[in-house]
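The values are calculated or read from the model by the stated rules, or taken from the named source; none is laboratory data. Please read all numbers here as calculations on a predicted model, not as lab measurements. Cβ placement follows ideal geometry from the backbone for every residue including glycine, while neighbour counts extend to all protein chains displayed.
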Amino acid sequence: MMARLNTPKRFEIELAIPRFILWFVMLPVVPVTIFGLAHLLGGEVMTGLILLVGLNGAFYLGHASLSERTILTLDKVSRLVTVSRDSRFRPRSDTYPLDALDSAELERNHTSSEERTTSKVMLVFRNTRPATRIPLSGWGVSGDGPGRIADEINDWLRRNVFSQDDQ
């Protein structure tokens, strides 16, 4: 998660899992492929195919689902909020009116086994009843990263959008 641009006219932020974590997801592919080929050459066709297609396919799907990258753009000139999601499956982009964006907040999920919580940044739009909440990512993370992102979004809105409405 990092801010790419933070000016009075435009705020851009990118949310993505770090690349080195994605490489760790794909790390088991090499030994699984070697074992799968060894089983195929040894005459165990079903075991080899399960290893080559099944497990490697699962690793690839996990990598593809975790590699989603979200870019949030708050543009004061065009008065639009754009949420662009880019993944291995398909890119998509949604736009909303900037005037309807009320704030960014955290959605917290508590795990029952431990005292750990994961958080996800949600955009809150006030133009519907009840308020519409749009998640910025499909996963929650622990730590203070989501809180800092929500604070940055709220600070930008307070400085550049809400202060203009009051004048």
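General observations
- Residue match in the range 157-165 (condition: acidic (Asp, Glu), modelled with pLDDT of 75 or more and surrounded by fewer than 15 Cβ atoms within 10 Å (Cβ to Cβ)): no
- Just so you know, in the range 122-156 the residues that are touching an Asp or Glu at 6+ places or on another chain (Cβ under 9 Å), at pLDDT 85 or above and outside any helix (DSSP H, G or I) include one that is nearest to TYR96 (Cα to Cα), and it is PHE125.
- Of all residues in the range 88-100, those satisfying the criterion of being surrounded by 13 or more Cβ atoms within 10 Å (Cβ to Cβ) and either within 19 Å of the chain's Cα centre (by Cα) or closer than 15 Å to ARG69 by Cβ (or both) are ARG88, THR95, TYR96.
Here is a yes/no grid of residues against (1) over 27 Å from the mean Cα position of the chain (by Cα); (2) surrounded by 12 or more Cβ atoms within 10 Å (Cβ to Cβ); (3) in the same structural domain as LYS76 (by TED's automatic domain parsing):
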position	(1), (2), (3)
ARG10	no, yes, yes
VAL25	no, yes, no
ALA38	yes, yes, no
LEU41	yes, no, no
GLU44	yes, yes, no
THR47	yes, yes, no
LEU51	yes, yes, no
ALA58	no, yes, no
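- Close pairs (7 angstrom Cβ cut-off, 6 or more residues apart or separate chains): without any contact (Cβ under 8 Å) to a residue 60 or more places away in the chain in the range 90-111, among the aromatic types (Phe, Trp, Tyr) and surrounded by 11 or more Cβ atoms within 10 Å (Cβ to Cβ) anywhere: TYR96/PHE125; ALA100/PHE125; ASP102/PHE125
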